[in-house]
Amino acid sequence: MTRPVDHPSPNHGTRRAAIDMLVLHYTGMANAADALARLCDPAAEVSAHYLVEEDGTVHALVPEERRAWHAGLSMWQGAGDVNSRSVGIELVNPGHEFGYRPFPEIQLVALIDLASGVLARHSIPPWNVVGHSDVAPVRKHDPGELFPWHLLKGHGIGLWPFTGDEQADPADTVEMLARYGYDTGIPEAAIAAFQRHFRPQRVDGIADAETAGRARRLLDAVGGCAARQASPSWSP
Ligand SMILES: [Zn+2]
């Protein structure tokens, strides 16, 4: 892989947990220069470990052993302080506010290379490879429904509910999302976040048979919550 360009950000602290998550974002700003400046501005108090430009250039902002400030108020599998347990990668994209557009292939190639390295260096189970919207469903929409999670799964990164058209009872959706890791305090937000990640064709926050079927498929893939908790030391 091309070596990341060092572009240190001062916005980081001490981790309070071991790394077991990878969180992907989009920058949601007009251009890469603005995003890079903000992620390194002490007054902004935000950062990430890496930023990947649309031309595939990777910037290293915060060392992985430090706690970067990318997830904010977030929760996954019932635990807050996602920043302490995660590596955060920002993808340059204007986002829903400034003209959301597909992620170029060259950017995705760089991301896959970078994320593969992160997964090789840390014990991160595939169900803990998430988007910002997965861990902050009420506040965040990134990296959004144009992000090709299925493509990453094809490279051994994260999970994808490869399926025909399995269906399940929509009434079970919220309970299944909670088991998977979502904060379901506001059910419609959790459902929309799940759809944005795993059923991007329609993100409406409404539990339907297809959404439920994909949640069921994912839980089957991880062996359900009980198996997951029984193997906290999952390793790749
Ligand atoms: Zn984000």
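For region 142-173, filtering for residues that are more than 17 Å from ARG217 (Cα to Cα), surrounded by 17 or more Cβ atoms within 10 Å (Cβ to Cβ) and within 16 Å of the ligand (Cβ to nearest atom) leaves 5.
Please verify whether PRO94 is surrounded by 14 or more Cβ atoms within 10 Å (Cβ to Cβ) and away from the ligand (no atom under 16 Å from the Cβ), treating the condition exactly as stated. The answer is no for PRO94. Among the candidates ASP165, ASP172, ASP142, the residue that is in contact (Cβ under 8 Å) with a residue 60 or more places away in the chain and either within 26 Å of GLY80 (Cβ to Cβ) or in the same structural domain as GLY223 (by TED's automatic domain parsing) (or both) is uniquely ASP142.
I'd like to check something: does region 80-102 contain any residue that is free of Cβ contacts under 8 Å to residues at least 40 places away in the same chain, within 25 Å of TYR180 (Cβ to Cβ) and in a loop (DSSP other than H, G, I, E, B)? Yes: region 80-102 contains one or more residues that are free of Cβ contacts under 8 Å to residues at least 40 places away in the same chain, within 25 Å of TYR180 (Cβ to Cβ) and in a loop (DSSP other than H, G, I, E, B).
For region 115-123, indicate whether the set of residues that are of a type in the set (Lys, Arg), more than 13 Å from the chain's Cα centre (by Cα) and not assigned by TED's automatic domain parsing to the domain that holds ARG202 is non-empty.
yes
If you scan region 78-106, which residues turn out to be of a type in the set (D, E, K, R) and within 16 Å of the chain's Cα centre (by Cα)? It would help to see each step written out before you state the result.
Initially, region 78-106 is screened for residues of a type in the set (D, E, K, R), giving 81, 85, 90, 97, 101, 105.
The answer is ASP81, ARG85, GLU90.
For region 70-85, the set of residues classified as within 15 Å of the ligand (Cβ to nearest atom) and either closer than 12 Å to ILE19 by Cβ or touching a strand residue (DSSP E or B) at 6+ places or on another chain (Cβ under 7 Å) (or both) consists of HIS70, ALA71, TRP76, VAL82, ASN83, listed by residue number.
Of everything in region 51-76, what is in a loop (DSSP other than H, G, I, E, B) and either among the hydroxyl-bearing types (Ser, Thr, Tyr) or closer than 15 Å to GLY131 by Cβ (or both)? Give them in sequence order. Spell out how you get there, then give the answer.
Step one: filter region 51-76 for residues in a loop (DSSP other than H, G, I, E, B), giving 53-57, 61-66, 69-75.
The answer is THR57, HIS70, ALA71, GLY72, SER74, MET75.
Return yes when LEU36 is surrounded by fewer than 17 Cβ atoms within 10 Å (Cβ to Cβ), of a type in the set (A, V, I, L, M), at pLDDT 95 or above and not in a strand (DSSP E or B) and no when it is not. No: the conditions fail for LEU36.
The values are calculated or read from the model by the stated rules, or taken from the named source; none is laboratory data. Given the structure is predicted, the values throughout are model-derived calculations rather than measurements. Note that we place each Cβ from the backbone using ideal geometry, even for glycine, and neighbour counts take in every protein chain shown.
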